[in-house]
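Enquirer: Dropping the structure in here first, questions after.
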Amino acid sequence: MTTREELYEALDRFLLALDARDPGRVEWTSAPLHTENNVALPPGDGLWNTLTARGPYDLRFADAGHSQVALFTSVEETDAVSPCAIRLEVRAGAIAGAEIVVARNKDEGFPFLGQSFADKPAMLAEVPPTERATRAELIALANGYFETIERNDGTIRTRFHPHCNRVENGVQTTNHAAFPLPIARLGCEAQFALGWYRYDDELRARRFPLVDIERGIVLAHGFIDHSGRLGEYTLTDGTAASSPIRRPHSYYLAEAFKIRDGAIEQVEAVFHTVPYKMPSPWEGHQR
């Protein structure tokens with residue numbers, strides 16, 4: 001079985017190759033799957049052509065049992081800094097799969113300002129052996145988060161710590177008084193209890209390829225689909241609300257959940273707009 005240290009070494013070799021824009025420095029398997037923003041690309045295309053610097057933010061975690069390693073960081077491409085998530089599938093030291101998500105907010109017009117890429121103590125902490133949950137238990141809590149946000153009606157289908165925070169594309173979107181949307185002033189559970197995200201129609205093609213039991217982290221990939229048909233609606237406290245999405249739209253996401261004592265403590269997400277109902281090249285992929 002591949003160890004955590006070996007997985008981190010494979011990640012570091014991949015990053016050095018990416019920094020050098022040279023996929024030839026990576027040991028690949030005979031038929032690797034390499035994607036960027038949910039599109040299959042040959043190794044060397046996409047970010048490999050345009051990376052000018054990689055930021056110091058380094059949130060990494062690993063699943064030795066399934067030979068998976070992941071990194072949340074930031075990347076610079078000429079005049080723009082973007083959040084980036086990288087997941088690697090490692091087989092005998094070689095890369096069998098590389099899934100890269102880059103949220104190029106400058107191009108997409110992402111409205112959230114004040115991006116910050118800083119360590120989160122909750123994400124970095126190791127869970128004591130006596131408090132660790134099983135892989136199935138951790139996935140169930142992460143999947144419950146998606147069940148809660150899908151057609152959000154105020155029903156909570158997972159568990160949250162009272163101090164839970166969420167960072168999306170480098171911006172904290174909970175307990176954030178200066179955020180332009182008032183909903184961001186609330187904590188994780190309070191937001192969902194209001195039913196604010198009712199315009200999220202479907203959390204589709206969910207995958208949970210990496211579970212770091214020692215750190216209590218689950219990495220998920222999938223899509224948030226918005227049909228755009230919802231206009232005006234009412235929150236569970238009676239407040240009138242308007243959907244911010246009125247045309248067919250989908251996000252493709254990489255989302256990490258830190259779980260401790262049977263509840264979600266921290267969430268970090270990198271997501272990017274893709275064509276509505278776009279399929280995933282990872283569905284049916286054999287590691």
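Enquirer: Can you give me the angle between helix 4-19 and the longest principal axis of the chain, using Cα atoms only, in degrees from 0 to 90, rounded to the nearest 10?
Expert: 90 degrees
Enquirer: Multiply the residue separation of Asp153 and Ala80 by 0.36 nm, subtract the distance between their alpha-carbon atoms, and state the gained length in nm to one decimal.
Expert: Stretched fully, the Asp153-Ala80 segment lengthens by 22.6 nm.
Enquirer: Let me check I have the definition right: for the chain, take the eigenvalues of the Cα gyration tensor, multiply each by 5, take square roots. What are those semi-axes in whole Å, largest first?
Expert: Values: eigenvalues 184, 98, 62 Å².
Over the Cα atoms of the chain, the semi-axes work out to 30, 22, 18 Å.
Enquirer: Kindly state, as a whole number, the per residue volume in cubic angstrom of the convex hull around the alpha carbon atoms of segment 4-102.
Expert: Once divided by residue count, the hull of segment 4-102 is 86 Å³.
Enquirer: Moving on to the next point. Can you give the FRET efficiency for Val39 and Glu232, using 1/(1 + (r/R0)^6), R0 = 41 Å, r = Cβ-Cβ distance, to the nearest 0.05?
Expert: 0.70
Enquirer: For the residues Lys277, Lys120, what sequence is obtained by ranking on other C-beta atoms within 10 Å, fewest first? Kindly include the intermediate steps, with their values, before the conclusion.
Expert: Values: Lys277 14, Lys120 17.
Fewest to most other Cβ atoms nearby, the residues stand as Lys277, Lys120.
Enquirer: Here is a follow-up. Roughly what angle does helix 135-149 make with the longest principal axis of the chain, taking Cα atoms, 0 to 90 degrees, to the nearest 10?
Expert: 40 degrees
Enquirer: Another question, if that's okay. Could you tell me the calculated FRET efficiency between Glu5 and Thr130, based on Cβ-Cβ distance and R0 = 30 angstrom, to the nearest 0.05? List each step's numbers first, then the result.
Expert: Numbers: r = 23 Å, r/R0 = 0.78.
So, using R0 = 30 Å, E works out to roughly 0.80.
Enquirer: At most 12 other Cβ atoms within 10 Å plus a DSSP loop assignment makes a site exposed; report the longest stretch of the chain without any exposed GluC sites (Glu not before Pro). Each step should come with its number before you reach the end.
Expert: On the way: sites that count: Glu126, Glu283.
Segment 127-282 is the longest.
Enquirer: Return an integer: the convex hull volume of the alpha-carbon atoms of segment 156-243, in Å³ per residue.
Expert: Cα convex hull per residue, to the nearest whole number: 127 Å³.
Enquirer: Taking amide H atoms as placed 1.01 Å from N in the peptide plane, list the residues 5 or more away in sequence, or in a different chain, whose amide H sits under 5 Å from that of His34.
Expert: For His34, the qualifying residues are Leu41, Ala98.
All of the numbers you see were taken from the coordinates with simple rules; none came from a lab. Small disclaimer: the values here were computed from a predicted structure and weren't measured. Glycine gets a Cβ as well: all are built from the backbone with ideal geometry, and neighbour counts include every protein chain shown.
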